Amino acid sequence: MRAVHFAQPGFVHPRRLRVAVLCGGESHEREISLQSGSAVASALRARGHEVVCLDPALTPPEAAHFRDVDVAFLALHGRKGEDGEIQSLLDRMNVLYTGSGVEASRLAFSKSASKERLFQRGVPTPPYVLVHESDDPTRAIELALRIGFPLVVKPDAQGSSLGISIVHSANALPEALRKCFRYDTFGLLEQAIPGTEWTVGLLDDEPFPLIQIETQREFFDFTAKYEDDSTVYRFDFAMSEHVVSSIIETGQSAARAIDTKGLARVDLRLDGRGRPWVLEVNTIPGLTEHSLIPKAAAHSGVSLGELCERSIERCLTAATARRAPLRGPHRAKAWRPEPKRA
């Protein structure tokens, strides 16, 4: 079977950069974000770059913090990180940052909004209904019966599989909703897709090696992601190249529908008939030692430091292509190519 590689390894950034790594924050994913930020900072320092870490929960970002910074590397997961809020602030301060812009971030962070976009673009995603914490139990059951059991209950705006349950009967629904509403006032009741778990990592539109995830737990939950060493990540699959290609192409289609930039990850299920279904699109995927994109990059021979450099370089290239106003607190002039000498 033909292996899929997003790019050849060996990229070396031509100069030393000063990078502000934003991590931590106030969301339920704070600890994971701190781990991602620490991993990114260490990897970039090992590549010779100057790195400062900024935790918005401790130091509110202001223009002064970015005066001598070339670029902000976003490792903020959850609210105020992936939902477009920090991107909007950095835009107002004319600070270059990695990853997706404001609108794509807002869209991807709401599972219901992103699913509606996927429906519009013809990207397969499981049917769902939206439920609110104020809905009475009878209303919740009526909504659940529209989808049918088993179904998945998940917060509309939350990551790391927090607040998610698989529900097999109406009796288990109230407890699953209580768990969901700890993290958001809106939840999704989504059709469960029996099958296998997959993830497609992307750098812009270029796919990383596809990963199949196997866990002994009921699904790839928070424990399976970050704590369970028995979780298996497979890069070789006993299936046709056509099916493998369809998973990758569906992931790419989902990212295009949302208009993601830089690093992104699309999580999918493959049903028993070999059809992929998009579960969600992540615009700031984890970069911890347990995270999926670093595993996929390493499988291609690309280190985390090189991966972070490439993400920064895509940010630079996109800013140059847009001919954005290169003013403000960051040292944007350093990105301009020097004139050729005669």
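The values are calculated or read from the model by the stated rules, or taken from the named source; none is laboratory data. Values in this document were obtained by computation on a predicted structure and should not be read as measured data. Backbone-built Cβ (ideal geometry, glycine too); neighbour counts: all protein chains shown.
Things to note:
- Residues located in the stretch 67-80, provided they are in contact with a Gly (Cβ under 8 Å, 6 or more places away or on another chain) and either of a type in the set (Lys, Arg) or assigned to a loop (DSSP other than H, G, I, E, B) (or both): ALA75, LEU76, HIS77, GLY78, ARG79, LYS80
- Checked against (1) assigned to a helix (DSSP H, G or I); (2) modelled with pLDDT of 90 or more, ALA64 passes all but condition (2).
- Scanning the stretch 39-61 for residues that are of a type in the set (A, V, I, L, M), modelled with pLDDT of 95 or more and in a loop (DSSP other than H, G, I, E, B) gives no hits.
- Picking from residues in the stretch 267-314 that are part of a loop (DSSP other than H, G, I, E, B) and without any contact (Cβ under 8 Å) to a residue 40 or more places away in the chain, the one that is nearest to LEU44 (Cα to Cα) is GLY274.
- Residue satisfying all of: in the stretch 113-136; of a type in the set (Val, Ile, Thr) and crowded, with 19+ Cβ neighbours inside 10 Å; farthest from LEU268 (Cα to Cα) among these: VAL131
- Index of the failed condition, TYR233 passing every other in (1) modelled with pLDDT of 90 or more; (2) over 15 Å from the mean Cα position of the chain (by Cα); (3) outside any loop (DSSP other than H, G, I, E, B); (4) farther than 26 Å from GLY84 by Cβ: (1)
- Among the residues of the stretch 104-125, those identified as over 28 Å from GLU31 (Cβ atoms), assigned to a helix (DSSP H, G or I) and of a type outside the set (Lys, Arg) are GLU116, LEU118, PHE119, GLN120.
- Candidate set: the stretch 81-99, residues that are in a helix (DSSP H, G or I) and touching a residue at least 12 places away in the same chain (Cβ under 8 Å); chosen: the one surrounded by the most Cβ atoms within 10 Å (Cβ to Cβ): GLN87
- Here the strands (runs of 3 or more DSSP E) wholly within the stretch 136-203 that include at least 2 residues being touching a residue at least 60 places away in the same chain (Cβ under 8 Å) are 186-191, 196-203.
- Yes/no for VAL71 being in contact with a Leu (Cβ under 6 Å, 6 or more places away or on another chain) and buried (at least 23 other Cβ atoms within 10 Å of the Cβ): yes
- Any chance ILE258 is β-branched (Val, Ile, Thr), surrounded by 22 or more Cβ atoms within 10 Å (Cβ to Cβ) and in contact with a Lys or Arg (Cβ under 8 Å, 6 or more places away or on another chain): yes
- Residue in the stretch 206-216 that is among the aromatic types (Phe, Trp, Tyr), closer than 28 Å to GLU289 by Cβ, in a loop (DSSP other than H, G, I, E, B) and at pLDDT below 95 present: no
- Considering residues of the stretch 110-143 that are small (Gly, Ala, Ser) and closer than 19 Å to ARG182 by Cβ only, the residue nearest to the chain's Cα centre (by Cα): SER110
- The selection criterion, being surrounded by fewer than 19 Cβ atoms within 10 Å (Cβ to Cβ), modelled with pLDDT of 95 or more and β-branched (Val, Ile, Thr), holds for VAL102.
- Output for the stretch 11-42, where each listed residue is surrounded by fewer than 21 Cβ atoms within 10 Å (Cβ to Cβ) and in contact with a helix residue (DSSP H, G or I) (Cβ under 7 Å, 6 or more places away or on another chain): PHE11, HIS13
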